[in-house]
1. Can you bin the chain into rounded, prolate or oblate? Criterion: square roots of the alpha carbon gyration tensor eigenvalues sorted a ≥ b ≥ c, rounded for a/c under 1.5, prolate for a/b above b/c, oblate for the rest.
2. When a/c is below 1.5 the answer is rounded, else prolate if a/b is larger than b/c, else oblate, so apply that to region 207-260 with a ≥ b ≥ c taken from the square roots of the Cα gyration tensor eigenvalues.
3. May I ask you to derive the FRET efficiency for residue 174 and residue 219 from their Cβ-Cβ distance with R0 = 51 Å, giving the value to the nearest 0.05?
4. Taking 0.36 nm per residue of separation and subtracting the Cα-Cα distance, what length does fully extending residue 243 through residue 106 add?
5. Can you tell me which of 206, 147, 36 moves the most in a GNM of the chain? Springs connect C-alpha atoms under 10 Å apart.
6. To the nearest Å, what is the center-to-center distance of region 17-91 and region 175-229, using C-alpha atoms only?
7. In region 41-76, whose amide N lies under 12 Å from the spot 7 Å out along Cα-to-Cβ of residue 22? List them in ranges.
8. Relative contact order of region 32-176: what whole-number percent is it, with Cα pairs under 8 angstrom and at least 6 residues apart?
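Only the coordinates and a few stated rules stand behind these numbers; no lab work does. Here the structure is a predicted model, which is why all the values come from computation and not from measurement. FYI the Cβ positions are ideal-geometry reconstructions off the backbone, even for glycines, and counts take in every protein chain you see.
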Ligand code: C2E
Ligand code: CA
Ligand code: CA
Ligand code: CA
């Protein structure tokens with residue numbers, strides 16, 4: 001068992017996926033999971049490092065399986081991509097979390113600058129109707145486009161297909177924030193940072209994990225921060241687990257970050273309770 005938020009959860013063993021029979025069974029179950037309301041959303045605050053003010057939350061999906069317990073996304077997102085369910089899943093996450101945000105905005109008086117950050121898979125960028133879908137949802141829920149950020153992994157974004165570029169440009173034009181996720185793990189031609197219509201870069205947590213153990217790692221992270229700034233983009237750090245890491249990033253002048261040190265991902269009601277307070281962690 002592992003602690004996450006305030007709930008003890010059972011962790012599904014990814015190794016079980018190696019059984020072909022189980023994989024096909026889970027594929028069937030995953031297709032139904034969206035309709036039977038088995039997916040749940042957790043939210044993790046992103047904070048301004050200088051003040052610990054909550055700037056927004058990242059939406060993280062989990063699968064509340066009736067038999068297997070709470071399954072983490074690293075296990076079923078790849079399966080969802082493989083069996084073509086990822087499109088429905090991403091749209092469900094987008095619409096459900098935006099509805100939740102709309103409610104929080106009404107009930108908790110959140111400002112327009114409070115940002116909901118939604119992960120989008122690579123295939124979603126290939127959908128010609130993505131921008132219309134997002135625009136319609138924002139209009140229906142009366143959420144301004146600037147309150148939404150989509151997080152797209154580095155590997156998904158560098159392919160730069162025509163439809164992908166169209167999606168990115170149109171989302172940007174709409175006013176939605178676009179962030180490169182897991183920066184530093186995928187294929188990286190540095191120059192793409194200046195060529196793509198993105199506004200933020202989230203540095204992968206693997207770069208932080210060695211901050212206090214590997215010689216030269218702080219300088220390395222500082223250089224990456226400079227690189228992101230030189231490209232005119234905002235840097236976000238994920239996986240901040242200790243006070244020391246938070247202090248070091250603050251000293252480097254890094255604006256925002258998230259991680260277990262500040263807050264674990266939490267269920268919607270816990271998140272609402274937190275946001276009803278002072279909004280400082
Ligand atoms: P990600 O987008 O890089 O999400 C950050 C992951 O780091 C989350 O894992 C989060 O719980 C975890 N994390 C946060 N703070 C810390 C920390 O201080 N230390 C450590 N070690 N980990 C931390 P999670 O929720 O298991 O999500 C894993 C991945 O699943 C995400 O990585 C994302 O790629 C994918 N994912 C999650 N939700 C969605 C979704 O709605 N749609 C799509 N397409 N992918 C999703
Ligand atoms: Ca993310
Ligand atoms: Ca990430
Ligand atoms: Ca990741």
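1. Values: a/c = 1.25, a/b = 1.19, b/c = 1.04.
Judged from the Cα gyration tensor, the chain comes out rounded (a/c under 1.5).
2. Taking the square roots of the gyration eigenvalues as a ≥ b ≥ c, region 207-260 is oblate.
3. Computed FRET efficiency for residue 174 and residue 219: 0.85.
4. The span from residue 243 to residue 106 would gain 46.0 nm if fully extended.
5. Ranking 206, 147, 36 by mean-square fluctuation puts 36 first.
6. Using only Cα atoms, the two centres lie 25 Å from each other.
7. Only 68 fall inside the zone, counting backbone N under 12 Å.
8. Normalised by residue count, the contact order of region 32-176 is 20 percent.
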